[in-house]
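Undergrad: Input: one structure, supplied below.
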Amino acid sequence: MDKKVTVVGAGNVGATAAQRLAEKELCDVALIDIIEGFPQGKALDLSEAAPIEKHDARLTGSNDYEASANSDIVIITAGIPRKPGMSRDDLLNINAGIMNSVTKEVAKRSPEAVIIVVSNPLDAMCHVAYETSGFPKNRVIGMAGVLDSARFRSFIAMELNVSVENTTAFVLGGHGDTMVPLPRYSTVAGIPITELLPKERIDALVERTANGGAEIVGLLKTGSAFYAPASAAVEMAESILKDKKKILPCAAYLEGEYGLNELFIGVPVKLGANGVEEIIEITLTSEEKAALEKSADAVRELKEALKKLA
Ligand code: APR
């Protein structure tokens, strides 16, 4: 393949992302992990599925960051996932250290890459990757909104018994309990769900979306969601690799947009070969604005906690 993506962290999210990237034949994939043999084993297993899945993507696994050199995109999933009772924020200390060391290694070997951050707490981890890499803001992006809006879309489709393909959903804000799903911009075949569902049902779907990650953690007990997070990261990677210029909700570094400054938070962005090519600003109602402010406060709090760690 003429494109290369490195996935750091060959665990549940990383290996599933590698599988999807390869099966869609988007790029060659380098899987990196700290555990000896782990990324090598996953890459070999995935390579052995290639004749059946009919793709020619080359997959390599390594504990050495040299294998990541000259990547177009680096997807960072390294870190520890949540266990029941843990919030994403509980992961802050451990994952900040991991994010810092991983970013240093990948940034020097792929200085032109776009970094897609997946590790949690997402918005805070984006700050670590941004500051450590020294990359311009358009080349550090967090995966959250695509996942949150996919969850919202699934719940809308289940509720109305319609195809998921008919649904669109709009989610702003941080990747946490304060995220801001926007029902008036969430549609079925172009019809806002506010026309199709009573307010109390919409409120229930919004709440389920905001707690979507915790619902899966509660069921799995030994880890957190990975199929949908991997799909979401790969949708972002595809838009960048193919320069599709899809508008997707992603965590992007804001400098004044939505009245927020020097903060990574989920907003609709145009994703193309240069990473974040545009931040789309929409007019919010006062209620939505207040919800976004509250979400921004939660992200700021984590950013401050990071400063104390440094
Ligand atoms: N360098 C490289 N890999 C590392 C490092 C490191 N410093 N530290 C941990 N890892 C690897 C682990 O060895 C493990 O294989 O990261 C991988 C994480 O995989 P899982 O434990 O299966 O976790 P996963 O479910 O994939 O979630 C990873 O994504 O969605 C977020 O909240 C989630 O922060 C978590 C991350």
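Undergrad: Could you check residue 194 against (1) crowded, with 24+ Cβ neighbours inside 10 Å; (2) among the β-branched types (Val, Ile, Thr); (3) under 23 Å from residue 290 (Cα atoms) and say which number it fails?
TA: For residue 194, the failing item is (1).
Undergrad: State which residue pairs qualify: first residue assigned to a loop (DSSP other than H, G, I, E, B) and inside the range 172-185, second residue among the hydrophobic types (A, V, I, L, M, F, W, C) and surrounded by fewer than 24 Cβ atoms within 10 Å (Cβ to Cβ) in any location, beta carbons under 7 Å apart, and separation of 6 or more residues or different chains.
TA: Final answer for the pair search is 174/298; 176/298; 177/210; 178/298; 179/210; 182/170.
Undergrad: Which condition does residue 184 not pass, out of (1) modelled with pLDDT of 95 or more; (2) open to solvent by 20 Å² or more (accessible area, probe 1.4 Å); (3) more than 17 Å from the chain's Cα centre (by Cα), if it passes all the others?
TA: All conditions pass for residue 184, except number (1).
Undergrad: Please find, within the range 34-57, the residue that is nearest to the ligand (Cβ to nearest atom) out of those that are surrounded by 13 or more Cβ atoms within 10 Å (Cβ to Cβ) and in a loop (DSSP other than H, G, I, E, B).
TA: 34
Undergrad: Every residue in the range 121-135 that is surrounded by fewer than 24 Cβ atoms within 10 Å (Cβ to Cβ) and touching a residue at least 12 places away in the same chain (Cβ under 8 Å), please.
TA: Passing the criteria: 130, 132, 133, 134, 135.
Undergrad: Got at least one residue in the range 149-165 being under 17 Å from the mean Cα position of the chain (by Cα) and within 9 Å of the ligand (Cβ to nearest atom)?
TA: For the range 149-165, residues under 17 Å from the mean Cα position of the chain (by Cα) and within 9 Å of the ligand (Cβ to nearest atom): absent.
The values are calculated or read from the model by the stated rules, or taken from the named source; none is laboratory data. For clarity, every value in this text was computed on a predicted model and none was experimentally measured. We place every Cβ from the backbone using ideal geometry, glycine too, and count neighbours over all the protein chains shown. Note: areas computed on protein heavy atoms with side chains; ligands, DNA, RNA excluded. Shrake-Rupley method; radii C 1.70, N 1.55, O 1.52, S 1.80 Å.
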